[in-house]
Amino acid sequence: GESVGLHLPTLSVQEGDNSIINCAYSNSASDYFIWYKQESGKGPQFIIDIRSNMDKRQGQRVTVLLNKTVKHLSLQIAATQPGDSAVYFCAENNNDYKLSFGAGTTVTVRA
Amino acid sequence: DSGVTQTPKHLITATGQRVTLRCSPRSGDLSVYWYQQSLDQGLQFLIQYYNGEERAKGNILERFSAQQFPDLHSELNLSSLELGDSALYFCASSADGLGDEQYFGPGTRLTVT
């Protein structure tokens, strides 16, 4: 499953498929980006981060891609599992000591 | 478990009242950040402290204040509470206070009736 375009609030994906969550950020001066996963009733959980001097970074089953030209960030989740169902937020650091969060994408994994 | 702790987990109070939310950062982290999460506003940055000093301020109302103590725990004080203050309040911490790599606590759910 893939959320295309700037941002879709929901994404439904079949278990075992790959997921792609997209995010458009606002400030071309931002030099740090981070993805969080938030499950119902819990705080945001760090997934993966990337600095602006990189285009790609891989973690365990996750990959973050950064396209500075179009100010676009994406999170790819390989072999999506039911436990991946959550709201995913991207956030950027504009060099002002804080994170600015996107609206979030709700991912639902179908069995 | 992020290592950031917040108390209380839930808080129900009436309009006009004052409450204090508490946060303990991860061991070794010098900076704490407070965020408000409501259904229609998403995650909004309120304020940041680094090693006891205020470093950055966001959309924090004048009725709200915070501080960070010498042992690095932080408190967020909300006064003259209004119905619209009902939200989840999260604390995050980081090592260097530059805004990167923040780890969030479980949050305090505030309900104002």
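The values are calculated or read from the model by the stated rules, or taken from the named source; none is laboratory data. Only a predicted model underlies this, so the values are computations on that prediction, with no experimental measurement involved. Cβ placement follows ideal geometry from the backbone for every residue including glycine, while neighbour counts extend to all protein chains displayed. Surface accessibility is based on the protein's heavy atoms, side chains included, excluding ligands, DNA and RNA. Shrake-Rupley method; radii C 1.70, N 1.55, O 1.52, S 1.80 Å.
Contact list please: Cβ distance under 8 Å, first residue in region B:6-18 and on the phi > 0 side of the Ramachandran plot and among the aromatic types (Phe, Trp, Tyr), second residue at pLDDT 95 or above and open to solvent by 40 Å² or more (accessible area, probe 1.4 Å), pairs at least six apart or on different chains.
So the pair list comes out empty.
Could you tell me which residue of region B:65-98 is farthest from the other protein chains (Cβ to nearest Cβ), considering only residues that are of a type in the set (S, T, N, Q) and open to solvent by 50 Å² or more (accessible area, probe 1.4 Å)?
B:Ser80
In region B:55-92, how many are in a strand (DSSP E or B) and more than 18 Å from B:Thr20 (Cα to Cα)?
Matching residues across region B:55-92 total 3.
Could you please let me know if A:Asp84 is at pLDDT 90 or above, acidic (Asp, Glu) and open to solvent by less than 50 Å² (accessible area, probe 1.4 Å)?
The answer is yes for A:Asp84.
Could you grab me the full set of residues in region A:29-70 that are closer than 18 Å to A:Gly102 by Cα, of a type in the set (Ser, Thr, Tyr) and open to solvent by 90 Å² or more (accessible area, probe 1.4 Å)?
Residue satisfying the conditions is A:Ser40 alone.
Looking only at region A:9-28, count every residue that is out of contact with any strand residue (DSSP E or B) (no Cβ under 8 Å at 6 or more places or on another chain) and open to solvent by 60 Å² or more (accessible area, probe 1.4 Å) and tell me the total. Spell out the reasoning first.
Filtering region A:9-28 for residues out of contact with any strand residue (DSSP E or B) (no Cβ under 8 Å at 6 or more places or on another chain) gives A:16-17, A:28.
With open to solvent by 60 Å² or more (accessible area, probe 1.4 Å) added as a condition, the list becomes A:17, A:28.
Residues that pass the stated criteria total 2.
Taking the options B:Glu62, B:Glu101, name whichever one is open to solvent by 70 Å² or more (accessible area, probe 1.4 Å) and within 14 Å of chain A (Cβ to nearest Cβ).
B:Glu101
Being among the polar types (S, T, N, Q) and either crowded, with 23+ Cβ neighbours inside 10 Å or modelled with pLDDT of 95 or more (or both) is the filter here, so list the residues in region B:39-59 that pass it.
We begin by selecting, within region B:39-59, every residue among the polar types (S, T, N, Q); these are B:41, B:44, B:48, B:51, B:59.
Listed by number, the residues that qualify are B:Gln48, B:Asn51.
Restricting to region B:2-38, count the residues that are exposed (fewer than 13 other Cβ atoms within 10 Å of the Cβ) and within 11 Å of chain A (Cβ to nearest Cβ).
Summing the residues that are exposed (fewer than 13 other Cβ atoms within 10 Å of the Cβ) and within 11 Å of chain A (Cβ to nearest Cβ) in region B:2-38 gives 2.
Which of the residues spanning region A:86-102 are in a loop (DSSP other than H, G, I, E, B) and in contact with a Lys or Arg (Cβ under 7 Å, 6 or more places away or on another chain)?
A:Tyr97, the sole residue that qualifies.
A quick yes/no check of all residues on (1) assigned to a strand (DSSP E or B); (2) closer than 22 Å to B:Cys91 by Cα; (3) at pLDDT below 95:
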{"residue": "A:Gly5", "(1), (2), (3)": "no, no, yes"}
{"residue": "A:Leu8", "(1), (2), (3)": "no, no, yes"}
{"residue": "A:Ile21", "(1), (2), (3)": "yes, no, no"}
{"residue": "A:Asn27", "(1), (2), (3)": "no, no, yes"}
{"residue": "A:Lys37", "(1), (2), (3)": "yes, yes, no"}
{"residue": "A:Gly41", "(1), (2), (3)": "no, yes, yes"}
{"residue": "A:Arg57", "(1), (2), (3)": "yes, no, no"}
{"residue": "A:Val64", "(1), (2), (3)": "yes, no, no"}
{"residue": "A:Ala79", "(1), (2), (3)": "no, no, no"}
